[in-house]
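I have placed the structure first, in the form of structure tokens, so that the comments after it can refer back to it.
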Amino acid sequence: MNMSLNTEIYASGQEPLYRDEWCIRETGHQEEDHQKNESLFALGNGYIGMRGNLEEGYHGASGSSVIGNYLNGFYDTEPIVYPEGAYGYPDQNHAMLNVPDAKAILLLVEGELFHLHTGMVLKSERILDMQSGMLYRHVKWESPAGHQVRITTRRLVSLEHKHLAAVEYEVTALNFSGGLSWISLMNPVAAGPEGSSDPRVGARRSEPSLLLEDSGFREDGLMYWMRHRTRRTRFALVTAMSHSLEVPGGEAPVQYSDAGQLGIRLDFRLEAGQSGKLTKFIAYHTSRDYPEEELLKLSREILESAGHGGFGSLAGEQRQALDYFWGKADIEIVGDPEMQQGVRFNAFGLLQSTGRDGMTNIAAKGLTGEGYEGHYFWDTEMYTLPFFTYTLPEIGRKLLEFRYRTLDKARERAAVMSQRGALYPWRTIAGEENSAYFPAGTAQVHINADICYGLQQYVLATGDETFLAEMGAEILFETSRFWVDLGHYNPARGGAFCIDAVTGPDEYTAIVNNNAYTNLMVQEQLRFACRTAERLRSNYPDHYERLKRKIGLLESEIADWKRAGESMYVPKDEGLGIYAQDDTFLLKKKWDFEGTPENNYPLLLHYHPLVIYRHQVLKQADLVMALFLLGDRFTMEEKVRNYRYYEPLTTHDSSLSPCIHSIVASEIGEAEEAYRYFRRTVRMDLDDVNKNAKDGLHTAAMAGAWMAVVQGFGGMRMYGDGVLSFTPALPAGWNSLRFRVAKEGRLLEVFISHEEVAYSLVEGEALRIRHGGQEVEVLPERGVRLTRNAL
Ligand code: BGC
């Protein structure tokens, strides 16, 4: 299997041309890559996600498949059984469900079933094309009896129609004339991945979650549907499929059922050299979006309208949607095709996995696999949100709306935790806390401050103060209440405001007092909350009064936020001249890296948590993350000293870590190190760096790749004054870098080469930015070019 770049341009017969910087290509088929490639070739539209399973399946003696079809935010619950429980532990786990598999299509060639494990595979290739938003497949196969066929499929999950996906399947008889059949299936229960003790994979369900209630055919036999109900959440789901046929001579469709597989069988005849084409349209609708009684009607409507337009029309819309996307979000790297391919793959993956209806979000593995059970984490605000805030802010807003919609549940959670205000869950689907291991779950209260940081960046980048007035402020104020109630003025720390018994981002250190990252981020949040109160009081007085009444907010509370923020305790070690990760981190023994065999990483799979907690060892960026996010609060010297201390102690056992190190390394002038960390982030899934891409893609790292380019090599920052600043540091091996950034209705293009840096406006009015600390104004008609001498 070859995932690397291929300069030879692929062109055969009627098939389109592919440019590898826009494509991921698989040639041949190897068992060891199979499940990983099912993740890499997953398609999605933020709602539906389909793993890149082969149409005919891949189960058998010599191989296995993880069939996966997911709907964002569609879940069932399962009781969490704690042999030794305690008050406030979540008692239900929510898990994203694997819904019926409707993309399956079997092909019979003169009675013999097409499968990669039988007959002879003369050619097998799959191409994910990120410009057209489609997965292409080209196969030439000879059946055991010697009949040769060419198979070409195109598959898409529509970016224009939330509930729709389609597969086009063309077969050509090459050396024979004879009978063929398609069996188009809808498999009600897909086999999930095998159980595992790896916490990143997630718990297995004890019993099936989807119960079949009803099914039926349309009169012409070409449409088939099933209605399921989730066992505990009682949601209804209608999965429907319809078909269009272009065959020279075909029989009427017949119903098909075999060993629990249900569908439609279509028999037809081809003369040698002739082709037949089947287009299958697939729709999913659930009662999370619509009244239950409308689901079937909506399914029929969308399938009929898709059938009228045909696959070509969906493909045209898909292309348009992607042209728009790439016009805002593309990054162009000249001189490093592997990285170019990687950054595009990652941006495309984010678009495919991110919910944009305000009711759903982005799971840790997106819609590509069941790792982390479809849960949403802080990954959203700290990684994915910046990508959307600065490229497609309308999607950024939807991600934040999700937090607003689940604010009541965060209020309930704070009450369970005996606190005022709101505490957002560490992992969730519908707003409830889902983390069963509280030391690396509920204890990560920093998620409250992370959400508010994401909110602040969004508001400053877009100028969308209406969102702040209507929704954001309520999140901000309720979570600020939480902090003031959680912390305390500690006489033992000279009366400074301390926050105890929390876990910071580094999950290899748990339940500590005064995690520096948390305290700094809370301080930032409390300042933002005070500024927001002031701003609403003067600019949105009605909203402000209404909100105060709604949540019973007193002016004295705002004074409390101010005082807590000003008195925040941040642990430091004067001797080492660095920030301490927390009150006790620096007192611990350092981890014995030299004595740790390479295959004992990730440590979490080889050591009891307590063994890890007793050492100075990090899973991921913690203080280093603060150096980046709150960069205006540290001097360059501090950044260097802190980075140099913590970096060697960091295992990067979390995929969220390398990108942050790349950004900070870039800022402090460690160019080679920055590139090394960048490479690891960008190719995390394509090269399967963490060896678990089969469980789904690492969406935070995908977003981290964008961050490492724009905020690392581009050096883009935006602090409290809302001015975008850039300090570019182009990797030595690159010729140039070009990207676009959305800012308050404008689209700024940044071009960086070794000779010059140029800023120009693609859309919108004049914009004041900072370049290397100096203010420059970019005018619509006239960009700014700074040559090397001026840099
Ligand atoms: C990381 C967390 C992250 C989670 C989901 C864990 O391994 O330590 O920071 O939120 O994965 O991606």
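Before anything else, pin down the relative contact order of the chain: Cα pairs under 8 Å, at least 6 apart, normalised by residue count, whole percent.
Dividing the mean separation by the residue count of the chain yields 11 percent.
Sorted by packing (mean other beta-carbon atoms within 10 Å per residue), highest first, where do 298-305, 691-698 land?
Going from most to least packed, we get 691-698, 298-305.
Pairs of alpha-carbon atoms within less than 8 angstrom and 6+ residues apart define the contacts here; what relative contact order does the stretch 572-690 have, in percent?
That works out to 24 percent.
Specify the inter-centroid distance of the stretch 725-791 and the stretch 484-551, based on alpha-carbon positions, in whole Å.
Using only Cα atoms, the two centres lie 35 Å from each other.
Note down the Stokes-Einstein diffusion coefficient of the chain in µm²/s, whole number, using a Kirkwood radius over alpha carbon pairs, 25 °C, and 0.890 mPa s.
Estimated diffusion coefficient is 89 µm²/s.
In nanometres, what is the gap between the two model label sites at residue 170 and residue 293, each 7 Å from Cα along Cα-to-Cβ?
Label-label distance for residue 170 and residue 293, simple model: 4.5 nm.
Using 0.36 nm times the number of residues separating residue 534 and residue 511, minus their current alpha carbon distance, what extension gain do you get?
Gain on stretching residue 534 to residue 511: 4.8 nm.
Can you send over the solvent-accessible area of residue 120, 1.4 Å probe, protein chains only, in Å² to the nearest 10?
Result for residue 120: roughly 100 Å² accessible.
For the ranges 383-395, 173-185, what's the packing order if you count other beta-carbon atoms within 10 Å of each residue, average per peptide, and put the highest first?
Highest-to-lowest ranking by the protection proxy: 383-395, 173-185.
Residue 493 label point, 7 Å along Cα→Cβ, cut-off 19 Å on backbone N: hits in the stretch 444-478?
Flagged as within label range: 444-450.
By a straight-distance test (C-alpha under 27 Å), which lysines pair with residue 398 as possible cross-link partners, with residues fewer than eight away in the same chain excluded?
162, 328, 365, 409, 548, 550, 743
Ranking request for peptides 25-32, 211-218, 81-88, 664-671: highest mean number of other beta-carbon atoms within 10 Å first, then the rest in descending order. Please list the in-between numbers first.
Details: 25-32: 14.8, 211-218: 13.1, 81-88: 8.6, 664-671: 20.8.
Highest-to-lowest ranking by the protection proxy: 664-671, 25-32, 211-218, 81-88.
In the chain, if the dipole is taken from +1 on Lys/Arg beta carbons and -1 on Asp/Glu beta carbons about the Cα centre, which of 172, 720, 444 is farthest to the positive end?
Of 172, 720, 444, it is 720.
Let me see the P(r) profile for the stretch 20-327: every Cα-Cα distance counted, bins of 20 Å, each bin given as a percent of all pairs.
All Cα pairs, binned at 20 Å, distribute as 32, 58, 10, 0 percent.
Where does helix 446-462 land angle-wise versus the long Cα axis of the chain, in degrees 0 to 90, nearest 10?
Helix 446-462 and the main axis of the chain meet at about 80 degrees.
Long-range amide H contacts for residue 747: which residues qualify at under 5 Å (H placed 1.01 Å from N, peptide plane, sequence gap of 5 or more or a different chain)?
Counting only residues 5 or more places away or on other chains, the set is 762, 763, 764.
Can you compute the helix-only [θ] at 222 nm over the chain? Use -39500 (n - 2.57) per DSSP H run of at least 4 residues, normalise by all residues, nearest 500 deg cm²/dmol.
-9000 deg cm²/dmol
Sort 640, 334 by heavy-atom solvent-accessible area, probe 1.4 angstrom, most to least.
In descending accessible area the options line up as 334, 640.
Straight-line reach from residue 590: which lysines have Cα under 30 Å away, leaving out those fewer than 8 places along the same chain?
Once the sequence-local lysines are set aside, what remains near residue 590 is 572, 619, 639, 691.
Would you work out the relative contact order for the stretch 201-268, in percent, from Cα pairs under 8 angstrom that are 6 or more residues apart?
23 percent
Could you give each residue of the stretch 747-756 its phi-based ³J(HN,Hα) in whole Hz, using Karplus coefficients 6.51, -1.76, 1.60 with θ = phi - 60°, and x for Gly or Pro?
Whole-Hz 3J(HN,Hα) from phi for the stretch 747-756: 10, 9, 9, 10, 10, 10, 10, 6, 9, 8.
Normalised by the empirical 2.2 N^0.38 Å for globular proteins, what value does the Cα Rg of the stretch 305-450 take?
1.24
The values are calculated or read from the model by the stated rules, or taken from the named source; none is laboratory data. Only a predicted model underlies this, so the values are computations on that prediction, with no experimental measurement involved. Here Cβ is always computed from backbone atoms with ideal geometry, including for glycine, and neighbour counts include all displayed protein chains. When the accessible area is computed, the model is the full protein with side chains, heavy atoms only, and any ligands, DNA or RNA have been set aside. Shrake-Rupley method; radii C 1.70, N 1.55, O 1.52, S 1.80 Å.
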